[in-house]
Amino acid sequence: MMLETAEKGDCMRWLIAGAKGMLGHDLVERVLRDGHDVIAVDREEIDITNPASVNQVVRDVDVVVNVAAFTAVDKAEEEEAAAFTVNATGPEILARRCSQIGACLIHISTDYVFGGEATRPYAESDLMEPKGAYGRTKAAGEWAVRVNTDDYLIVRTAWLYGKHGASFPATMANLAATRDELTVVTDEYGQPTWTVDLADLLVRLVDAKAPSGIYHGTSSGKTNWHGFAKAIVESLGKDPAIVKETTAAAFNRPAPRPHYSVLGHNALERIGVTPIGDWRERWNEAATVMFGD
Ligand SMILES: NC(=O)c1ccc[n+]([C@@H]2O[C@H](COP(=O)([O-])OP(=O)(O)OC[C@H]3O[C@@H](n4cnc5c(N)ncnc54)[C@H](OP(=O)(O)O)[C@@H]3O)[C@@H](O)[C@H]2O)c1
């Protein structure tokens, strides 16, 4: 187990489960920078699906963040039971433990809990009607948190990219290095969201003593994958015209993808927490980190 101790400040003790993942990595860095103590754990140190493991590791902390998940969307179609164990039973066990020790649980959820057919941004209170196995298990995880602890923040995110994981920008950069043209879908809309920005939002929610509830942690604005790919290619100094259009029907993927994954941020605004900025502006800054040395 990695215990990193900060040196300054009004220190709280955070435990981050899933710390080696794409979001977890940036979150550990962010929380440490703010002067808090961080217990950073991943699969080697904790199994969130095992109550004994959770009880042993989760102790003497103020904030627990669950960024551990079964995130393989297509694989979940064939392995829904395994996905359920990580995405629903795990959060239930963590929520019960947090309630027992008086810690706040921050649980990360997803746009896939929605049906993806809306024509206006999804509100935090909109009906969850997931279309695939991953979304079903994540929706169950939200309920598991809500019924097992009073002190929780469920933060739904979407279209995450970061330096420490397999992300869409990295895939596009690799393809752009080897091909003259890229073909990217135009009929799926969302909000590309940098893990650094989401980590910052989570810290700001805790600092603001946000009331228990559901929040949307995505960039503002919207684009489709084609638009995001063009922005990525432009950041690489290449001509965005090499990005050609196609539709999702051209790909035969096991899990259904939401056509519309745009999330509204009213709950953040209501408590005076500024949402993450426009996806395009945030990408300009992120690109220097993602593609820098
Ligand atoms: N990536 C996206 O675009 C996206 C979009 C919407 C929502 N989200 C949500 O955001 C959160 C973070 O996503 P991410 O992309 O950063 O995830 P990630 O990179 O897949 O990281 C998840 C981490 O959790 C670990 N883990 C899995 N099962 C575990 C268990 N039973 N006990 C302890 N650790 C376990 C994984 O280990 P292994 O690698 O060994 O399995 C991995 O290190 C997740 O809740 C995800 O559902 C992500």
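The values are calculated or read from the model by the stated rules, or taken from the named source; none is laboratory data. This is a predicted model, so every value here is computed, not measured. In this analysis, Cβ positions are derived from the backbone assuming ideal geometry, glycine residues included, and neighbour counts consider all displayed protein chains. The accessibility values were calculated without ligands, DNA or RNA, using every heavy atom of the protein model including side chains. Shrake-Rupley method; radii C 1.70, N 1.55, O 1.52, S 1.80 Å.
Computed quantities for the displayed model
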{"read-out": "Under-5 Å amide H pairs with Val65, H placed in peptide plane, nonlocal only", "value": "Leu15, Ile16, Ala17, Ile106"}
{"read-out": "Accessible-area ranking of Glu78, Glu269, largest first, probe 1.4 Å", "value": "Glu78, Glu269"}
{"read-out": "Heavy-atom accessible area ranking, 1.4 Å probe, most first, across Ser125, Ser212, Ser219", "value": "Ser125, Ser212, Ser219"}
{"read-out": "Probe 1.4 Å - accessible area at Lys20, Å² to nearest ten", "value": "130 Å²"}
{"read-out": "Solvent-accessible surface ranking, highest first, for Asp74, Asp60 at 1.4 angstrom", "value": "Asp60, Asp74"}
{"read-out": "Förster radius 41 Å - calculated FRET efficiency between Glu269 and Thr186, Cβ distance, rounded to 0.05", "value": "0.85"}
{"read-out": "Cα gyration tensor, the chain - rounded (a/c under 1.5), prolate or oblate", "value": "prolate"}
{"read-out": "Solvent accessible area, Å² - Met22, 1.4 Å probe, full protein context", "value": "40 Å²"}
{"read-out": "Gain upon complete extension [Arg59, Arg33; 0.36 nm per residue less C-alpha separation]", "value": "7.1 nm"}
{"read-out": "Sum of -39500 (n - 2.57) over DSSP H runs of 4+, divided by residues of the chain (222 nm, nearest 500)", "value": "-11000 deg cm²/dmol"}
{"read-out": "Glu45 accessible area, assembled protein chains, probe 1.4 Å, Å²", "value": "50 Å²"}
{"read-out": "Shape of region 250-293, Cα gyration tensor, a/c cut at 1.5", "value": "oblate"}
{"read-out": "Segment Arg120-Leu236, extension gain: residue separation times 0.36 nm, minus the distance between their alpha carbons", "value": "38.6 nm"}
{"read-out": "Paramagnetic label zone (point 7 Å from Cα along Cα-to-C-beta, Arg179; backbone N under 20 Å) in region 237-273", "value": "237-255, 257"}
{"read-out": "Global form of region 1-111, assessed from the alpha-carbon gyration tensor, a/c cut-off 1.5", "value": "prolate"}
{"read-out": "Of all accessible heavy-atom area on the chain, the percent that carbon and sulfur account for (1.4 Å)", "value": "47 percent"}
{"read-out": "For Tyr215, residues with placed amide H under 5 Å, excluding near neighbours", "value": "Ile154, Val155, Arg156"}
